[in-house]
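Visitor: Pasting a structure here, questions to come.
Values in this text are rule-based calculations from the coordinates and carry no lab data. Not measured: the values here are computed from a predicted model. Reconstructed Cβ throughout: ideal geometry from the backbone, glycine too, with neighbour counts over all protein chains shown.
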Amino acid sequence: MITWIRGGNLVDPVKGTVEQVDVIVENGKISRMLPPGVFQEEGPGISRIEASGRMVVPGLIDMHVHLREPGHEYKETIASGARAAAAGGYTAIACMPNTAPPNDCRAVTEFILEQAGRAGWVRVYPIAAISKGQAGETLTDFGELKAAGAVGVSDDGFPVVNSELMRRALEYASFYGLRVISHCEDRGLSGNGVMHEGVVSTRIGLAGIPDASEDIMVYREIALSRLTGRPVHIAHVSTAGSVDLIRRAKKKGIRVTAETAPHYFTLDHRRVIGYDTLAKVNPPLRSPEDVEAIKAGLREGVIDAIATDHAPHSSLEKEVEFDRAAFGMIGLQTALPLTLQLVRDRVLGLAEAIGKLSWAGATILGVPGGRLVEGGNADLAVIDLDYEYPFEADRILSKSKNSPFIGEVLKGIAELTMVGGKVVWEKR
């Protein structure tokens with residue numbers, strides 16, 4: 001069977017180009033990419049996908065999601081999260097280890113991959129724990145985890161407080177080709193805080209988390225990367241101070257990469273007024289000045305990737321008092337339109353934006369994808385930049401509905417998602 005994706009505009013995040021190309025898919029691979037009008041074959045063995053006026057992009061790769069399985073399947077399963085990812089234009093997702101039990105051993109890593117294989121929606125790459133039980137005391141067996149299929153290590157949700165342990169993690173992980181992903185938070189400073197520390201937290205009477213809680217740990221990770229010569233990746237960057245620290249580190253040649261999430265360049269702490277628990281995330285939504293710094297970091301290339309930090313929670317964890325509610329929001333079906341707003345606002349070019357959603361994650365994690373090339377996997381999405389729609393709860397394919405963007409009008413959608421030459425999602 002040959003699939004002919006006809007008349008679309010191919011986005012290449014590496015070349016930074018957008019050009020009209022016909023894409024020919026055979027046996028799960030891209031066999032040819034041709035100028036329009038060159039491919040003229042007909043027959044029952046050829047299926048057509050009309051992509052005229054649409055963008056054909058490399059399948060998006062989310063390097064930071066929470067799938068909750070094993071242990072909290074009432075919030076999300078690997079299958080439901082992967083299906084939501086496919087609907088969002090993603091062809092691969094990397095899942096964090098804070099499950100129950102945490103992914104700190106071969107058995108859990110293999111279970112995740114088995115469940116992902118059964119689901120069959122998108123490629124799933126496990127991120128294993130840095131420390132046993134994510135307790136920050138003893139390193140996990142990185143070699144065993146790598147052999148089982150892990151592509152990185154993180155104690156996401158928990159900072160690695162012990163600097164010596166983090167130093168050894170950087171050295172050990174590098175030996176096995178695993179990227180260390182750091183959750184940067186000084187819990188001595190964040191304490192019992194539930195939102196950004198600033199004028200809004202003072203006004204509405206909620207305990208705050210200062211910028212410094214993140215900045216201090218970002219500085220430590222940069223210092224450890226410089227000491228060891230090993231790379232480190234900073235998760236969910238939210239502050240102007242972190243952006244500045246990473247900018248300075250990159251100028252010095254220190255091997256640091258970073259990601260942010262769409263809510264950090266879309267929302268600020270004023271969204272918490274009214275005690276909306278859907279806006280409660282960790283790190284918290286910051287000030288408008290921090291939001292502008294995040295946009296500048298994306299524009300300058302200081303922030304390499306956009307990841308969702310997709311964090312499903314049921315109403316049991318969210319429909320409670322603000323200080324008791326769980327941190328986190330879902331994001332797999334909203335990341336693409338929110339990122340495309342950066343293109344409309346001229347913060348990023350289209351190829352740059354798609355690159356931060358695809359090529360960057362592939363490069364940092366060392367996994368396939370992120371660019372469409374002849375001979376490569378046919379992992380792609382066809383997107384409509386101009387499709388406008390109200391984002392309602394009935395569109396959400398995640399088991400949880402904890403999104404602050406419900407009811408808002410979004411622009412841009414994945415019409416079709418293909419993984420390994422198989423169409424796994426088409427817009428309803």
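Visitor: Grab the other residues whose beta carbon is less than 10 angstrom from that of E300, score K and R as +1, D and E as -1, and report the net.
Guide: On the way: positive: R247, K250, K295, R299; negative: none.
Net of charged neighbours comes to +4.
Visitor: What number comes out for the charge environment of Q20, summing +1 per Lys or Arg and -1 per Asp or Glu over other residues with Cβ under 11 Å away?
Guide: Working: positive: R6, R54; negative: E19, D22.
Overall, the nearby charge balance is 0.
Visitor: Could you please report the charge total around A147, scoring K, R as +1 and D, E as -1 over all other residues with beta-carbon less than 11 angstrom from its beta-carbon?
Guide: -1
Visitor: I want to make sure I understand the PRE zone here: with the label point 7 angstrom from the Cα of K411 toward its beta carbon, which residues in the stretch 372-388 have backbone N atoms less than 18 Å away?
Guide: 383-388
Visitor: For n ≥ 4 DSSP H runs only, could you compute -39500 (n - 2.57) per run for the chain, divide by its residues and tell me the 222 nm figure to the nearest 500? Mind showing how you got there, number by number?
Guide: On the way: 14 runs with 131 residues, N = 428.
One gets -9000 deg cm²/dmol as the mean residue ellipticity at 222 nm.
Visitor: Still on this structure: Kindly identify the chain as rounded, prolate or oblate by the Cα gyration tensor criterion: order the square roots of the eigenvalues as a ≥ b ≥ c, call it rounded if a/c is under 1.5, otherwise compare a/b with b/c, prolate if a/b is larger, else oblate.
Guide: Details: a/c = 1.60, a/b = 1.40, b/c = 1.14.
Prolate shape, in that a/c is at least 1.5 and a/b is the bigger ratio.
Visitor: Please determine, in degrees from 0 to 90 and to the nearest 10, the orientation of helix 335-344 with respect to the longest principal axis defined by the Cα atoms of the chain, where the helix direction is its Cα long axis.
Guide: 80
Visitor: Right, another one. Which trypsin sites (Lys or Arg not before Pro) in the stretch 13-74 pass both tests, a DSSP loop state and at most 15 other beta-carbon atoms within 10 Å? Walk me through the numbers before you get to the answer.
Guide: Numbers: sites: K15, K29, R32, R48, R54, R68; in loops: K15, R54, R68.
Sparse-neighbourhood loop trypsin sites (Lys or Arg not before Pro): K15.
Visitor: List the GluC sites (Glu not before Pro) within the stretch 270-321 that fall in a DSSP loop (any state other than H, G, I, E or B) and whose Cβ has at most 13 other Cβ atoms within 10 Å. Intermediate results must be reported in sequence, preceding the final value.
Guide: Working: sites: E289, E292, E300, E317, E319, E321; in loops: E319, E321.
Hits after loop and neighbour filter: E319, E321.
Visitor: Between S163 and T17, how high is the FRET efficiency from 1/(1 + (r/R0)^6) when r is the Cβ-Cβ distance and R₀ = 45 Å? Nearest 0.05.
Guide: On the way: r = 44 Å, r/R0 = 0.97.
With R0 = 45 Å, the Cβ-Cβ based efficiency is 0.55.
Visitor: In the stretch 283-350, which trypsin sites (Lys or Arg not before Pro) are in a loop and have at most 13 other Cβ atoms within 10 Å, using DSSP for the loop call?
Guide: On the way: sites: R286, K295, R299, K318, R324, R344, R346; in loops: R286, R346.
Filter output for the stretch 283-350: R346.
Visitor: Test of understanding: what is the full-extension gain from E50 to R299, defined as 0.36 nm times their sequence separation minus their Cα-Cα distance?
Guide: Working: separation 249, 0.36 × 249 = 89.64 nm, distance 3.25 nm.
Length difference between fully extended and current span is 86.4 nm.
Visitor: Expressed in nm to one decimal, what extension gain is obtained for the pair K422 and Y74 from 0.36 nm per residue of sequence separation less their Cα-Cα distance?
Guide: On the way: separation 348, 0.36 × 348 = 125.28 nm, distance 2.87 nm.
Contour length minus Cα-Cα distance gives 122.4 nm.
Visitor: For the stretch 1-123, what Kirkwood radius comes out of the mean inverse Cα-Cα distance, in Å? Present the calculation step by step, with values, prior to reporting the outcome.
Guide: Numbers: mean 1/r = 0.0601 Å⁻¹.
That comes to 16.6 Å for the stretch 1-123.
Visitor: Just to confirm my numbers, what's the Cα centroid distance between the stretch 352-405 and the stretch 1-33 in Å?
Guide: Result: 16 Å between the Cα centres.
Visitor: May I ask you to give the average projected area over all directions of the convex hull of the Cα atoms of the stretch 273-394, in nm² rounded to one decimal?
Guide: On the way: hull surface 39.2 nm².
Mean orientational projected area (the stretch 273-394, Cα hull): 9.8 nm².
Visitor: At a Cα cut-off below 28 Å, give the lysines reachable from K422, other chains included and same-chain residues fewer than 8 away excluded.
Guide: Within the straight-line limit of under 28 Å, K422 reaches these lysines: K15, K29, K75, K146, K356, K399, K401, K411.
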